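Written out below as structure tokens is the structure these notes cover.
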Amino acid sequence: MEESTHLHQITTPLISKDEGYINEDIDDNNNNLPSSSSSSRSLPEEENSPVKQVALTVPTTDDPSLPVLTFRMWVLGTISCILLSFLNQFFWYRTEPLSITAISAQIAVVPLGQLMAAKITDRVFFKGKRWEFTLNPGPFNVKEHVLITIFANSGAGSVYAIHVVTVVKVFYKQHITFFVSLIVIITTQVLGFGWAGIFRRYLVEPAAMWWPANLVQVSLFRALHEKEVRPKGGVTRTQFFLIAFTCSFAYYVFPGYLFQMLTSLSWICWIFPKSILAQQLGSGLYGLGIGAFGLDWSTISSYLGSPLASPWFATANVAAGYVVVMYILTPLFYWLNVFKAKTFPIFSDELFTSNGQEYNISAIIDSNFHLDMAAYKREGPLYLSTFFAMTYGVGFAALSATIVHVALFHGREIWEQSKASFEEKGMDIHTRLMRKYKQVPEWWFVCILLVNIAATVFACEYYKEQLQLPWWGVLLACGIAIVFTLPIGIITAITNQSPGLNIITEYIIGYIYPGYPVANMCFKVYGYISMSQAITFLQDFKLGHYMKIPPRTMFMAQIVGTIIACLTYLCTAWWLMETIPDICDTTASNSVWTCPSDIVFYDASVIWGLIGPRRIFGDLGQYASVNWFFLAGAIAPILVWLAAKAFPEQEWIRLINMPVLIGATGMMPPATAVNYTTWILVGFLSGFVVYRYRPDLWQRYNYVLSGALDAGLAFMGVLIYLCLGLENISVDWWGNDLDGCPLASCPTANGVVVSGCPVFT
């Protein structure tokens, strides 16, 4: 690699500074942090980003002399990646799975980096030689910090293919080896890296592709690296983080161990302990959650992320969609007995027989691990709770609504900006600055992609008994991913909306290759998750682009971070599956290891893979009418668009975002009512009340508080498990009854007999 011409002036770090920087006359400063947004205002209009939010947020200068690949970066980046991977997988199997974002690491590593800069020797090793380096090249700087966060992002983003391993081992109780599991996980993640590399010139370099979500992290980087004076009578951000972290750490011992009912306080059930109707309405975990709330941060942030990071407009859209689906459509469908709704619980992700009993899936699987048609005819057709069936309908509607909404409201914009991308127009100051660094050759990504596809085909053919997916399935999945990565990448980069392909991939392979559940899961992982992973990588590319990280350095960090994350996720999951008795068993008394997301993934593998969509949502199924949701979803944005055209003076109409409204409950199940009600409440307090009436406090402490709550809960959760969970030490009292609504899951149809429930006649 070509080194910077500035290298002789500064002690070389562990490997090098910004490698490959081509020195030209750029107006750089020598500060630890690039200039503030105010400096961008002095630039000519055509020099700065044409996107206002970017122009006001992202620094427009670069200091190429800042060391990046330092000893601190490798140590803190690796630790952050391993820790976040371990914690996210550790909590993934729990009833309230906590998702710890990279923001936690982004905040936590600042004092550690500063401590290392202050205490580690600055001695120069091999001085005067080619391999000269030092463990301490100077103050902890923002570029090191960004690269550490890129590492952390690898651990913060879930490794979706773990679902395949869990479902095969725990639910189907079939054999899959650690090595085959590792191949599936690594090839899935790296496949997305290949797509991202091919499309980065269209989705990262153009100014039009601005990736709104990255501006939160850019703002936080700047806040953490600007010199901060403690306000009179107040505390600095670092002090506030430590205080909030300590409080979160100490408090979680109550909802996490001593008083688990704090997870869901369903007080209506306490008032009416013998009423099925009251418990259906009031249960936060098994009902509609009216009045239910949780005093547990894991309840609040489990599925929807931190409400403190959600703008009020987005929170309001989610709230409106939740109310429509949960409090209007669900009760209407249930009490009108649509799809025999009263035969099953009002809210459940289980699979049932026609008489309301749990479906025995193992009875319809033959010795070759695919559908036994004779046994299926004996067991009868599979039924879903009406809410579960409706969530698939909502997913259909959200997909079509997203396509139509984007075409109507953003079509012209996307077309013009796409043309600008392909013609390499719209280059802003950030792209010009990044052009000074040596780029990653596209053939690197192509080689990675080809090797990865070859390895995937080999694995699926050689281990066909375990993976079931034929070679043509791998190529078809790759074809779907490559076709959709660019358009969905453009939509995400401009609108911050990322339509999911999981239902489409399940549908396609379910019709083409029914009866093979593992093949269905693998096809979904390679077709959908590789595309989703590509979007994540592209977002990281853009973050590095904004913060002027050398592309080859980014490439190295993402590859290493991805491999570390894959190994850590799989080892953690394997350890938990081997050591926790009855993991993912929802019938185990007061168990917190219920694997809600894996249950939904398992159900999907049965619905779309084992039995096949034709026997459930097609002409042979009970739920063919659910397909009308596709049409309803397509019509809804048209109505909003026509209203906006008819009443242009009513600006609020254009704020109605039908994909967000319709897809608001996309995480249900496994998310439950209490997750939404509490998330919406906290989001309202943060995004509306505090943001509107105390913007100074919101700007200073909001994101810091979010990271501190995540970190404190995570460390206490692991400590409780290691000290008490491994020894099976528990506290048995009424406060550890997670919901206190035992009748919420009871059917209300006449003659249905379920253990623990009254029988209606």
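Just a few scattered comments:
- Each residue in segment 367-388 was checked for being without any contact (Cβ under 8 Å) to a residue 40 or more places away in the chain and at positive phi, and 1 of them qualify.
- The one condition in (1) modelled with pLDDT of 85 or more; (2) farther than 27 Å from Pro596 by Cβ; (3) open to solvent by 10 Å² or more (accessible area, probe 1.4 Å) that Ala196 fails to fulfil: (3)
- Flag set for Gln468, criterion: more than 30 Å from Thr553 (Cα to Cα), modelled with pLDDT of 80 or more and of a type outside the set (Lys, Arg).
- Residue within segment 141-153 that is in contact with a Lys or Arg (Cβ under 9 Å, 6 or more places away or on another chain) and open to solvent by 40 Å² or more (accessible area, probe 1.4 Å) present: no
- Residues located in segment 432-449, provided they are in contact (Cβ under 8 Å) with a residue 60 or more places away in the chain, assigned to a helix (DSSP H, G or I) and farther than 23 Å from Pro50 by Cα: Glu442, Trp444, Phe445, Val446, Ile448, Leu449
- Pick from segment 318-347, criterion of a type in the set (S, T, N, Q) and surrounded by 20 or more Cβ atoms within 10 Å (Cβ to Cβ), ranking: farthest from Pro742 (Cα to Cα): Thr330
- Of the residues making up segment 111-146, just one is within 27 Å of Gly544 (Cα to Cα) and among the hydroxyl-bearing types (Ser, Thr, Tyr), namely Thr134.
- First in segment 631-647 and more than 16 Å from Gly321 (Cβ to Cβ), second anywhere and open to solvent by 30 Å² or more (accessible area, probe 1.4 Å) and assigned to a helix (DSSP H, G or I), Cβ under 6 Å, 6 or more apart: Ala634/Val404; Trp641/Leu408; Ala644/Arg654
- Output for segment 238-253, where each listed residue is modelled with pLDDT under 85 and open to solvent by less than 40 Å² (accessible area, probe 1.4 Å): Phe241
- Filtered by the rule that a residue be surrounded by fewer than 18 Cβ atoms within 10 Å (Cβ to Cβ) and closer than 21 Å to Ser400 by Cβ, segment 635-650 gives Ile635, Ile638, Leu639, Leu642, Ala643, Lys645.
- Per the listing Val168, Val190, Val218, Val180, the residue uniquely open to solvent by less than 30 Å² (accessible area, probe 1.4 Å), within 23 Å of the chain's Cα centre (by Cα) and closer than 28 Å to Cys447 by Cα is Val190.
- Filtered residues of segment 565-582 (kept if part of a helix (DSSP H, G or I) and either surrounded by fewer than 22 Cβ atoms within 10 Å (Cβ to Cβ) or aromatic (Phe, Trp, Tyr) (or both)): Leu567, Tyr569, Cys571, Thr572, Trp574, Trp575, Leu576, Met577, Glu578, Thr579
- In the set Ser597, Ser605, only one residue is under 19 Å from the mean Cα position of the chain (by Cα) and under 26 Å from Cys584 (Cα atoms); that residue is Ser597.
- Every pair of residues 6+ apart whose Cβ atoms lie under 6 Å, when the first sits in segment 459-473 and is closer than 12 Å to Thr177 by Cα while the second is open to solvent by less than 30 Å² (accessible area, probe 1.4 Å) and outside any helix (DSSP H, G or I): Gln466/Ile176
- Some residue of segment 603-618 being out of contact with any His (no Cβ under 7 Å at 6 or more places or on another chain), under 19 Å from Ile504 (Cβ atoms) and surrounded by fewer than 19 Cβ atoms within 10 Å (Cβ to Cβ): yes
- Every test in (1) surrounded by fewer than 21 Cβ atoms within 10 Å (Cβ to Cβ); (2) under 30 Å from Tyr383 (Cα atoms); (3) more than 23 Å from the chain's Cα centre (by Cα) is passed by Phe629 save one, and that test is (1).
- Only one of Pro648, Pro669, Pro637 that is farther than 23 Å from Trp312 by Cβ, in contact with a Pro (Cβ under 8 Å, 6 or more places away or on another chain) and not aliphatic (A, V, I, L, M): Pro669
- Scanning segment 97-137 for residues that are open to solvent by 30 Å² or more (accessible area, probe 1.4 Å) and under 31 Å from the mean Cα position of the chain (by Cα) yields Ser99, Thr101, Ala108, Pro111, Leu112, Gln114.
- Residue among Tyr286, Tyr257 that alone is surrounded by 15 or more Cβ atoms within 10 Å (Cβ to Cβ) and modelled with pLDDT of 85 or more: Tyr286
The values are calculated or read from the model by the stated rules, or taken from the named source; none is laboratory data. Remember, predicted model here, so these are calculated numbers, not experimental data. Because the Cβ atoms are built from the backbone with ideal geometry, glycine has one as well, and the counts that use them run over all protein chains shown. The area values use the complete protein model at the heavy-atom level, side chains included, leaving out ligands, DNA and RNA. Shrake-Rupley method; radii C 1.70, N 1.55, O 1.52, S 1.80 Å.
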